[in-house]
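Step one of this worksheet: look at the structure below.
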Amino acid sequence: MTTALLTDQYELTMVDAALKDGTADRRCVFEVFTRRLPDGRRYGVAAGLGRFLTALTEFRFGDEEIGFLRDRGVIDAGTATWLADYRFSGDVRAYREGEVFFPNSPVLQIEGTFAEAVVLETLALSVFNADSAIASAAARMVSAADHRPLAEMGSRRTGEWNAVAAARAAYIAGFGATSNLEAGRTWGIPTMGTAAHAFTLLHDTEEQAFRSQLDALGDGTTLLVDTYDIEAAVATAVRLTEGRLGAVRIDSGDLPSVVAAVRAQLDGLGATATKITVTNDLDEYTIAALRAAPVDSYGVGTSVVSGSGHPAAGMVFKLVAHREDGGDWVPVAKKSADKASAGGRKEAGRRLRNGVATAEVVLTSGTVGPDERPLLVPVVEHGEVNPAFLGVAGVEAARKHHRQAKAELPADAERIGRGDPAIPTLVI
């Protein structure tokens, strides 16, 4: 399946015009960055690189796609011929997937001819804006959970393929599992799930439902105990398993008080090893509020797949430099009010002191200093994608890198309350 039409029309009308006026082959550099973080966010998490690179390898215009564009009058015959031979042949540098970012961080840098690079705008932004928003929200939830496991279970709250991408982004940011089986198959993410309220309601009694699930999945399963009366359900669950039940799940009520009561009941019945997992429209704030409660794990749905109120990361795709006919690079940038940006190809480094980040340094000239960790790495060279960033291995590498990058942040970056970015961005 081609990804070529995951594109806004104006990208192809620009290519059409540039081919006519002779600027299509002018060498250019485009960058993806955000001018600001969402209100209250202390940092962002760059996610989607592996998905973008996979989509780049599938960005091809076949007869069907070109026929559609011709029928709509989007392109002429000359542009159709150019598109038929399209293969990205340029270079891409990027922040490693899982890296943290700040305002004006050049998380993706694409160099190529104007025509071959500009058609990637919508593809890049649709992937990076969604995945980075989800990963950024997930990272906050991981901090709020304070080392307790989280599972992503928001498939029913977003589009079917968005759900797969969301599970991937949340896993990179530290979630431990997903309910989505396609995400497990495609990206190697651990999957989880047992039963919903419908299974209990199907049976004549709650005990029959519990017996059926235990027969199928064993005593180590998790029983949903809030369909009717929680106290009665817990008592039944412990009795049926003789105290060996793996966990109970609570999906409603005033969670701090309910969890405390269930923990006391389980311990009083001798089921001290039975764990408690909670769901029920959790976000980073409710997770933080449960920090003192005896919760063992969390299941998060709507808030993680929607970016917890910020469904897009605010990233933009801008031309920052082009090469003149004489060979010199010319920096270019918008100067419009509230949308001004710095021109020129950037270098970026994370300034560290004793292993702790103190600034994001974005250079419009020069190289990263000795006290700064370089952030941009080559991921595509002369059109060839580095396979290390793809597939299951790429996801695991991103998850590992995220832990390392997040560990460099100052302690107050973990605060859930509103605040400025954890470190300043210095554009030099």
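The values are calculated or read from the model by the stated rules, or taken from the named source; none is laboratory data. Values in this document were obtained by computation on a predicted structure and should not be read as measured data. For neighbour counting, all protein chains shown are included, and Cβ atoms are generated from backbone atoms with ideal geometry for every residue, glycine included. We work out accessible area using only protein heavy atoms, side chains counted, and drop any ligands, DNA or RNA first. Shrake-Rupley method; radii C 1.70, N 1.55, O 1.52, S 1.80 Å.
The table below lists the values:
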{"read-out": "Pairwise centroid distance, computed over Cα atoms, of region 370-428 with region 112-152, Å", "value": "12 Å"}
{"read-out": "Sites residue 359 and residue 13, calculated FRET efficiency, Cβ-Cβ separation with R0 35 Å, nearest 0.05", "value": "0.30"}
{"read-out": "Taking all pairs of distinct alpha-carbon atoms in region 129-233, Kirkwood radius in angstrom", "value": "15.3 Å"}
{"read-out": "Ranking by accessible area, most exposed first, for 418, 239 with a 1.4 Å probe", "value": "418, 239"}
{"read-out": "Coil-residue GluC sites (Glu not before Pro) of region 96-192, DSSP, other Cβ within 10 Å capped at 11", "value": "none"}
{"read-out": "Cα gyration tensor category, rounded, prolate or oblate, for region 56-203 with a/c compared to 1.5", "value": "oblate"}
{"read-out": "Scattering curve values for region 302-414, log₁₀ I(q)/I(0), Debye with Cα scatterers, q = 0.12, 0.15, 0.18, 0.24 Å⁻¹", "value": "-0.69, -1.08, -1.36, -1.29"}
{"read-out": "Per-selection Rg to Rh, region 76-159 - Cα, Kirkwood hydrodynamic radius", "value": "1.13"}
{"read-out": "Separation in nanometres of the label points that stand 7 Å from Cα toward Cβ, at residue 161 and residue 57", "value": "1.7 nm"}
{"read-out": "Residue-count net charge about residue 93 - beta-carbon cut-off 12 Å; Lys, Arg +1, Asp, Glu -1", "value": "-2"}
{"read-out": "Compactness relative to 2.2 N^0.38 Å, alpha carbon Rg of region 10-103", "value": "1.40"}
{"read-out": "Centroid-to-centroid separation of region 219-298 and region 328-349 [C-alpha atoms, Å]", "value": "53 Å"}
{"read-out": "Two-decimal log10 I(q)/I(0) for region 301-366, as the Debye equation yields it once each C-alpha is a single scatterer, q = 0.15 Å⁻¹", "value": "-0.78"}
{"read-out": "Over 32 Å [Cα-Cα, the chain], rounded percent", "value": "45 percent"}
{"read-out": "Cα-projected label distance for residue 269 with residue 312, points at 7 Å along beta-carbon direction, nm", "value": "4.9 nm"}
{"read-out": "Within straight-line cross-link reach of residue 275, aspartates and glutamates at Cα separation under 19 Å, skipping those fewer than 8 residues along the same chain", "value": "146, 152, 219, 226, 229, 231, 242, 251, 254, 267, 296"}
{"read-out": "Area accessible to solvent at residue 339, 1.4 Å probe radius, in Å²", "value": "100 Å²"}
{"read-out": "Cα pair distances in region 215-276, grouped into 10 Å bins until the bin that holds the longest one, percent each", "value": "24, 61, 15, 0"}
{"read-out": "Förster-model FRET efficiency, 56 Å R0, residue 377 and residue 77, C-beta, rounded to 0.05", "value": "0.90"}
{"read-out": "Under 24 Å from the Cα of residue 346 - lysines, other chains or at least 8 residues apart", "value": "318, 334, 335, 406"}
{"read-out": "Percent RCO, i.e. relative contact order, over the chain, from Cα pairs under 8 Å lying at least 6 residues apart", "value": "24 percent"}
{"read-out": "Cα pair distances exceeding 22 angstrom across region 184-312, given as percent", "value": "39 percent"}
